[in-house]
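What follows is a single structure, written as structure tokens, with notes after it.
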Amino acid sequence: MSRKERYRQQHYHPLVWSLLFGTAFTRTAAFMSLPFLAIYLSDHTELNTVEIGLVLGMSGLGGALGGFVGGYLSDLFGRRVIITLSMIVWTSAFFCFIFAQTYLHFILLNLVHGLCRSFFDPTSQALMSDLTAESKRLKIFGYRYTALNIGLVLGPLLGTVLYPLLGIKTFFFTGVAFFIYSLVLVGQFSRYSHQIKAAEPEAKVSVLECVNVLRKDTSLTYCVLGGALFFAIFAQLEASLPLHLSDDLENGATLYPFLLALNALMVILLQGIVSSWAEHKNVLSSLIIGCLLFALGYMAFSLGGNSSSYILGIIVLTIGEMIIFPVSNQFIDNLADERLRGTYYGAYNFSQIGLFLGPVFGGWLLKGMGGTVMWWIMAALSLHMIWFFAIGYRRYAKKNGIGILQIVQQIFTDLHLTRLVKFSIKMIPLISLITGVSLYFYYYLDEGLASPGRKGIVEIQISENASLRQIGSELKKKQIIKDDSLFPIYYWVNRVFYSNSIQPGVYQVSPHMKIDDVMVILSRGTFTVEIPAGATVTEIADILSSHGVHKEDFLAAVNNETYSFAFLNHIPQARKEYRLEGYLLPGKYEFRKGIRPKEIVNTMLKRFQKVLNKSIYLQRLQKENVTLDEWVTVASLIEQSKQASKAVSAYDIYTMLNKRSALNIPLKDPYNKLKAYNSPERVGLPPGPVNNPGEDSLRAALPPLDWSVVKERDKNRKTTVTEKKSDSKDF
């Protein structure tokens, strides 16, 4: 056995452990400061979001473009030289961040950071491969990925303590950490210099030879393309997932950090086990399983709607991640000529361009098609990774005299598919029968649960002890479903897969809603709210805000939204602010939780419409030549009046109007601050209603007035005056 082979057959070289420890140590130090760079640039510079994004993106760009050069230089000048130089420059760059002032400074420094990382990573990987037996390299790649995740977890935790205290000076401690590790490496290189030299390839290659080999090695090309697609899909965990979670779940902002922590913790604890499993499998078999797990994880994300889907998805994705990262490195190691190992690792760094393109593509899909469609597309792209890796492996196998049948046989053996295929062939008749019955039942269920067609919003009342049969009957009665006998089956399926459980209450259902939408609404529950007569629009907004309805959204629904009620045409066009004041009929309401403000306004207007539909109202308004808006305004003033009797108050208001005298009725905020409404010199009605009157006030304001109450009041007044005079004479 040659001297080189003897070194490789050692258990694990001490320098390998130093590089693994250094990966965890330096990544912890880097993540202690770099994640806070965006915050510093936003708070302490005048850079806009695009410029800050470009600064941050330079690291990924440098990492993608510099790896090939760094890998080649390590083959040409030796691993020790490139690792040492990259660490010196890297350390200097972190110290320079403290003194950076301009946009160009930050651009260049982050680019240098990315380049140094791209020099160090493939070169250190190549050196670990040089010093480790081929059978043990997969575990080394797995340990290295674990080290990266340790840094990803510990670094930001330290940064949250140091950055608030030190700001940009946090980079000083990162530089110190890199300086210390550089000294450790120099000492290690000096101690094991002979062994490193023995392990490194003896013959050097020219740039032209290197480029020609890579240009002709289509296996590497397909592997890089598969890796780029993998990184683009993997990038969605940091780019698109937090945005989607905040829209899909109420607790999305708190769930996302938990998912990241779960991901990192699984890698730290389980990477060794996964790598040991993959050691005994064919490279392509492992990559296929990893890609399938990625697809399944994103499918779980696409279901959404609850935390369980995302937790399950991140668990499955992480297992796939733990397979793909080290196994893809092993694949590159298998492809690489010993003389070009550093160059091959550097070339694979091109695949990190996916980290740059992935967030852009994912953001475009999320904005244009929504999260559900985006995750399905990511699941489909995960399956396409198999195609790239399979073609690359096929070219590699062909070069080594391995036939396609041998590859397929190995995959079937690794994935235990032989028995499954035989069993599946036997089960084809039964599967066909089950599929046919399932499709028939699905279409029968879908047809029975379809809406027969309805117009307008319908109200569904679910009592406390209502059975599924009774609920189905109510849904059929309100034309939400056709066949109520199918509802109990649908309900239990929906509850198992989506955890929707019907809550008692009164719900308003729009005409465009299907049964799936209705189930989501019925599972949220309702809240009851009492709107007192005489409440202004602002007061109604305050009352609703205590039930979770945003005040600003409600006021926007009142002032800006359009509603299809004919009586609203009587409101003067010039009235813009509080234009629906007076028409939101007070009373007791029950709304579903999560209801949109526009639906609340629509329900209150609908109740006003029911009052208006009583024949007596419109007939008397038309007969007395009183407009609808004038009538509502008088009713709102009756609510503001301090008279004990609404009829008496109406009489006094109409009397003052006929005499063309000022009403002098004190108004509530905001109308008491508006001169057009509250001027003492103003004669006649204010420009519009000053609150939302109840039906009693509307009835009292209806002309012609009921004078009997007024006459009785005047009679009582005269009697009181006569008695007082008589008492005075006696006295």
| request: For Ile434, work out the one condition from (1) assigned to a helix (DSSP H, G or I); (2) touching a Phe, Trp or Tyr at 6+ places or on another chain (Cβ under 9 Å); (3) modelled with pLDDT of 75 or more; (4) more than 24 Å from Asn306 (Cβ to Cβ) it doesn't fulfil. | output: (2)
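Out of the residues in the range 549-605 that are among the aliphatic types (A, V, I, L, M) and over 37 Å from the mean Cα position of the chain (by Cα), state the one that is nearest to Pro693 (Cα to Cα). Break it down stepwise before answering.
Residues of the range 549-605 that are among the aliphatic types (A, V, I, L, M), as a first pass: 549, 555-558, 566, 568, 571, 574, 580, 584-585, 595, 600-601, 604-605.
Now drop any that are not over 37 Å from the mean Cα position of the chain (by Cα), which leaves 566, 568, 571, 574, 585.
Values: Ala566: 19, Leu568: 16, Ile571: 16, Ala574: 22, Leu585: 7 Å.
Going through the qualifying residues, I end up with Leu585.
Condition check ((1) among the small types (Gly, Ala, Ser); (2) open to solvent by 10 Å² or more (accessible area, probe 1.4 Å); (3) within 26 Å of Val537 (Cβ to Cβ)) across all residues:
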residue: Glu630; (1), (2), (3): no, yes, yes
residue: Ile638; (1), (2), (3): no, no, yes
residue: Ser641; (1), (2), (3): yes, yes, yes
residue: Ser645; (1), (2), (3): yes, yes, no
residue: Ala662; (1), (2), (3): yes, yes, yes
residue: Ile665; (1), (2), (3): no, yes, yes
residue: Lys668; (1), (2), (3): no, yes, yes
residue: Tyr671; (1), (2), (3): no, no, yes
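Go through the range 87-109 residue by residue and tally those that are open to solvent by 50 Å² or more (accessible area, probe 1.4 Å), in a helix (DSSP H, G or I) and not hydroxyl-bearing (Ser, Thr, Tyr). It would help to see each step written out before you state the result.
Looking only at the range 87-109, we keep the residues that are open to solvent by 50 Å² or more (accessible area, probe 1.4 Å), and these are 88-89, 92, 95-96, 99, 101-105, 108.
Applying the additional criterion that residues be in a helix (DSSP H, G or I) yields 88-89, 92, 95-96, 103-105, 108.
Subsequent filtering for residues that are not hydroxyl-bearing (Ser, Thr, Tyr) retains 88-89, 95-96, 104-105, 108.
Here the count works out to 7.
Conditions (1) at pLDDT 70 or above; (2) closer than 27 Å to Val161 by Cα; (3) buried (at least 16 other Cβ atoms within 10 Å of the Cβ); (4) not aromatic (Phe, Trp, Tyr), marked per residue:
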{"site": "Arg3", "(1), (2), (3), (4)": "no, no, no, yes"}
{"site": "Pro14", "(1), (2), (3), (4)": "yes, no, no, yes"}
{"site": "Ala24", "(1), (2), (3), (4)": "yes, yes, yes, yes"}
{"site": "Leu37", "(1), (2), (3), (4)": "yes, yes, yes, yes"}
{"site": "Ser42", "(1), (2), (3), (4)": "yes, yes, no, yes"}
{"site": "Leu61", "(1), (2), (3), (4)": "yes, no, yes, yes"}
{"site": "Leu85", "(1), (2), (3), (4)": "yes, no, yes, yes"}
{"site": "Leu111", "(1), (2), (3), (4)": "yes, yes, yes, yes"}
{"site": "Gly114", "(1), (2), (3), (4)": "yes, yes, yes, yes"}
| Mind checking which pairs have a first residue in the range 669-689 that is at pLDDT 85 or above and a second that is among the basic types (Lys, Arg), Cβ under 6 Å, 6 or more apart or different chains? | Gly688/Arg575
| remark: Heads up, the helices (runs of 4 or more DSSP H) in the range 606-698 (entirely inside) with at least 2 residues that are among the polar types (S, T, N, Q) and within 21 Å of Ile571 (Cα to Cα) are 615-623, 628-640
| message | For the range 263-305, which positions are in contact with a helix residue (DSSP H, G or I) (Cβ under 7 Å, 6 or more places away or on another chain) and in a loop (DSSP other than H, G, I, E, B)? | response | Lys281, Asn282, Gly304, Gly305
| said: Is it the case, given these coordinates, that Ile540 is within 29 Å of Ser308 (Cβ to Cβ) and either surrounded by 13 or more Cβ atoms within 10 Å (Cβ to Cβ) or at pLDDT 80 or above (or both)? | reply: no
| message | Can you find, within the range 521-537, the residue that is nearest to Asn672 (Cα to Cα) among those that are open to solvent by less than 60 Å² (accessible area, probe 1.4 Å) and either free of Cβ contacts under 8 Å to residues at least 60 places away in the same chain or not hydrophobic (A, V, I, L, M, F, W, C) (or both)? | response | Thr536
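What's the total number of residues in the range 600-621 that are closer than 21 Å to Gly548 by Cβ and either without any contact (Cβ under 8 Å) to a residue 60 or more places away in the chain or open to solvent by 70 Å² or more (accessible area, probe 1.4 Å) (or both)? Walk me through it before giving the result.
We begin by selecting, within the range 600-621, every residue closer than 21 Å to Gly548 by Cβ; these are 600-604.
Within this subset, residues satisfying the condition of being either without any contact (Cβ under 8 Å) to a residue 60 or more places away in the chain or open to solvent by 70 Å² or more (accessible area, probe 1.4 Å) (or both) are 600-601.
Looking only at that region, the number is 2.
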| remark: Exactly one of Glu238, Glu250 is open to solvent by 10 Å² or more (accessible area, probe 1.4 Å), of a type in the set (Asp, Glu) and closer than 19 Å to Gly320 by Cβ, and that residue is Glu238
| message | Every residue in the range 543-567 that is in contact with a helix residue (DSSP H, G or I) (Cβ under 6 Å, 6 or more places away or on another chain) and open to solvent by 60 Å² or more (accessible area, probe 1.4 Å), please. | response | Lys551, Asp553, Glu561
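The values are calculated or read from the model by the stated rules, or taken from the named source; none is laboratory data. In this text the structure is predicted, and so the values were computed from the model without any measurement. FYI the Cβ positions are ideal-geometry reconstructions off the backbone, even for glycines, and counts take in every protein chain you see. Just so you know, the surface numbers come from the protein's heavy atoms only, side chains and all, with ligands and any DNA or RNA stripped out. Shrake-Rupley method; radii C 1.70, N 1.55, O 1.52, S 1.80 Å.
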